[in-house]
Amino acid sequence: MRTNTMKAWFLGGLICLSGCSGLRNTVANRDSHRPARPTNPLDLPNSQLQMDDEFAFGSQSPIAGSQLANDSTPAVAGEIDSIPQTGGHASNTANASMQKQPATSHYSTITENARPQKLTILPVGLEVADDGPENGGRITIDGRNYEIRLVDQAADGNSGRSLRKVHLASQRSSLPEHQYEQATPLESISAPEIVTNNAVPDAILLNLPSALSMVGRDHPAVGFAQWKVQEAYANLEQAEVLWLPNIQTGYSFHRHDGNYQASNGDIVDVNRSSFQYGLGAGATGAGTTPNPGIRAQFHLADAIFQPDIAQKTAWATCHAEKAVVNKQLRDVALAYMKLLDAHQQLRILEEVRNKTASLSQITDDFAAAGQGLQADTDRMQTELALIEGRIAEAREIADVASARLAYAVSAEPGRKILPIDPTVVPIELVTSEIDQGSLISTGLSNRPELKELQALVSAACDQYQRQKYAPFVPSVLLGLSGGGFGGGRGSSINNVNNRCDFDAMVTWEIRNFGFGERSARRRTEAQVQQAMYRKVSLIDDVAREIAEAHTQVTHRRERMAITQLSIQSAQDSYDHDLSRIREGQGLPIEVLQSVKALEASRRAYLESVIAYNEAQFQLQWALGWQVTAPQ
């Protein structure tokens with residue numbers, strides 16, 4: 001009995017020693033076929049890198065000189081200190097490397113039908129991105145730790161199951177940071193300097209205050225409005241002196257030959273001449289001077305109502321001129337914001353291009369060394385080409401914005417305008433603490449367009465009153481002439497002496513049997529109603545514009561704060577991804593997403609600031625105030 005027991009123990013010991021020896025031989029054979037990792041990963045030959053990647057990620061788990069016999073045999077996937085990259089590209093890299101191996105490779109492969117499951121030893125610090133049950137444990141071979149887990153055959157390889165990094169404080173990458181210093185650095189690249197006159201000849205450098213200052217009397221729109229004011233006040237001066245007489249002086253000569261009817265009705269043959277000079281002219285015979293030297297002729301209704309009508313029309317023109325200036329200032333401010341936005345967008349794209357170019361160089365180096373895919377290099381080149389196209393589009397937008405700003409400020413055509421502001425900052429002209437109702441009340445009392453329409457309504461009412469009282473108010477004609485008058489028979493001028501004529505006439509007129517008066521009153525009443533409804537419509541427009549602008553200011557301030565926070569998170573993501581690449585824990589292509597996120601966050605913040613400033617300009621204009629640059 002004891003002899004049988006000892007034999008059993010002896011046979012069990014032999015089996016254990018045989019199994020351990022076989023496992024050691026397997027690992028030794030693998031290590032003997034794997035080349036030593038060079039100091040610089042970029043100097044690694046392609047063939048060696050392919051074999052190393054096969055062991056590092058073990059998508060098909062080759063074992064030198066043998067083939068797995070059953071599902072429970074472990075396949076060595078890699079070591080803790082020999083993982084050049086992690087993440088979603090791991091399985092793709094391994095598969096691409098295996099496809100590049102010649103058919104005569106001494107590494108035997110395992111087909112998918114050979115076994116449905118296999119045990120994979122994953123490096124410590126990596127875990128399968130799966131929430132399913134995990135079986136296995138850890139073993140130590142030659143002083144190195146391995147973690148054994150049960151992995152489905154169908155889930156292995158290109159099944160989409162990725163390896164995600166488990167951050168361990170004690171874990172260090174085998175690729176030191178200084179090994180990447182030969183490639184193009186991916187440090188934060190400073191924004192390009194703003195183009196100056198040295199780069200663009202005859203360029204006009206403007207900032208917001210200087211652009212607004214160009215809206216003056218020399219501006220065509222403003223100049224036209226100001227001369228309209230001059231015309232209105234000239235009409236007012238004329239209306240105020242409507243009742244004053246005109247003065248005319250000169251001389252006249254009259255000759256008559258032939259029949260002439262005398263005052264008693266007789267027809268006589270008369271040859272005569274007459275001459276008049278002084279104030280008035282045209283007198284002949286015994287009649288009065290037809291063209292008095294001092295003459296006042298007007299309708300009394302015009303003398304009463306026209307000065308008020310002209311005055312209110314002049315007021316309306318003044319308010320219209322102010323509205324033109326306010327609108328032009330707003331348009332210039334908005335056009336300058338568009339120009340500044342275009343140049344800032346261009347600077348962001350240029351910075352993205354620099355970052356992407358650096359990533360492209362490193363990706364190309366990784367592909368040349370065999371640690372990356374040529375497809376990643378091609379993708380980076382595609383991204384660079386697309387960015388160049390976007391930069392060309394941004395330059396077009398900047399040139400168009402320059403032309404529109406030049407039109408807004410009436411600058412010399414053909415000259416480029418460049419903003420000298422180094423960046424875009426929020427501009428607060430109207431605080432959001434004021435409630436919307438108070439702002440609407442302020443706008444209704446300040447808006448020059450409303451004041452213009454109010455004056456026009458009042459002028460239309462006065463015009464209606466004039467037509468209403470016109471039949472009851474007379475027209476007045478006053479004439480006074482004085483000077484010398486003489487004449488005689490034939491062509492002789494004799495007896496030239498002083499002559500004075502005075503004429504006064506007051507008449508009442510009812511046009512077209514009264515139907516003309518009724519039509520005139522209806523016409524002016526319709527004009528009054530039109531002006532009143534235009535004012536009501538404009539009141540609604542002003543209230544809507546103020547409400548919209550106030551809402552935009554409120555929400556865009558919140559949007560600006562949110563997008564500003566996104567820049568910091570995007571920058572941190574970019575820095576972390578860049579650090580991972582330097583430590584050899586990923587591929588350069590993985591940083592591209594962080595670059596795009598950083599670009600998107602910066603552009604989002606820029607657009608939010610520009611939109612906020614535009615809302616401020618719009619609210620300032622809607623309240624009836626001039627858009628000014630903050631001090």
Which peptide among 206-217, 420-431 comes first, and what is the full order, when sorted by highest mean count of other Cβ atoms within 10 Å?
206-217, 420-431
To the nearest 10 Å², what's SER569's accessible area with a 1.4 Å probe?
70
Counting only the backbone N, which residues of segment 277-294 are under 13 Å from the spot 7 Å out from the Cα of ASN495 toward its beta-carbon?
285-286
Could you sort the peptides 346-354, 229-237 by per-residue average Cβ neighbour count (10 Å cutoff), highest mean leading?
346-354, 229-237
FRET efficiency for VAL506 and LYS535 from the Cβ-Cβ distance with R0 = 25 Å, rounded to 0.05, comes out at 0.05
Need one number: nm distance between label points at SER213 and HIS555, each 7 Å from Cα along Cα→Cβ, rounded to one decimal.
3.8
Leaving out ligands, DNA and RNA, and with a 1.4 Å probe, what % of the accessible surface on segment 242-339 is carbon or sulfur?
55
Skip the ligands, DNA and RNA, and give the accessible area per residue of segment 276-331 with a 1.4 Å probe, whole Å².
40
If you roll a 1.4 Å probe over the heavy atoms of the protein chains, what accessible area per residue do you get for segment 396-471, in Å²?
49
Tell me the label-point distance for the pair GLN564, GLU240, using the 7 Å Cα-to-Cβ offset, in nm and rounded to one decimal.
5.4
Given a cut-off of under 8 Å on Cα pairs at least six residues apart, what relative contact order in percent is computed for segment 320-430?
37
To the nearest 10 Å², what's HIS254's accessible area with a 1.4 Å probe?
70
Neighbourhood charge, 12 Å Cβ-Cβ cut-off, centred on LEU450 and excluding it, Lys, Arg +1 and Asp, Glu -1:
0
Keeping all protein chains in place, calculate the accessible area per residue for segment 474-617 (probe 1.4 angstrom), answer in Å².
54
Taking 0.36 nm per residue of separation between ALA526 and TYR260 and subtracting their Cα-Cα distance, the length gained on full extension comes to 90.3 nm
For VAL627, what residues show an amide H to amide H distance below 5 Å, using hydrogens built from the backbone and excluding near sequence neighbours?
ARG330
So what does SER432 come to for accessible area, using a 1.4 Å probe and Å² rounded to 10?
40
Which residue, chosen from VAL400, PRO419, SER441, occupies the Cα position most advanced towards the positive end of the dipole of segment 399-446, where the dipole is computed from +1 (Lys, Arg) and -1 (Asp, Glu) charges on Cβ about the Cα centre?
VAL400
With a 1.4 angstrom probe the carbon and sulfur portion of accessible area for segment 488-631, in percent, totals 53
Pull up all non-local amide H partners of LEU205: gap of 5 or more, or a different chain, and H-to-H distance under 5 Å with H placed in the peptide plane.
LEU418
Kindly identify segment 383-437 as rounded, prolate or oblate by the Cα gyration tensor criterion: order the square roots of the eigenvalues as a ≥ b ≥ c, call it rounded if a/c is under 1.5, otherwise compare a/b with b/c, prolate if a/b is larger, else oblate.
oblate
Using alpha carbon centers only, segment 418-480 is separated from segment 205-265 by a whole-angstrom value of 25
At what distance in nm do the modelled label points of ARG544 and GLN626 sit from each other, each positioned 7 Å from its Cα along Cα→Cβ?
2.9
Shape verdict for segment 259-299, please, from the Cα gyration tensor: rounded (a/c under 1.5), prolate (a/b greater than b/c) or oblate.
oblate
Leaving ligands and nucleic acids out of the surface, order ASP364, ASP331, ASP269 by accessible area at 1.4 Å, largest first.
ASP269, ASP364, ASP331
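The values are calculated or read from the model by the stated rules, or taken from the named source; none is laboratory data. These figures come from a predicted structure and were not determined experimentally. Note that we place each Cβ from the backbone using ideal geometry, even for glycine, and neighbour counts take in every protein chain shown. Protein only, heavy atoms only, side chains kept; ligands, DNA and RNA dropped before computing areas. Shrake-Rupley method; radii C 1.70, N 1.55, O 1.52, S 1.80 Å.
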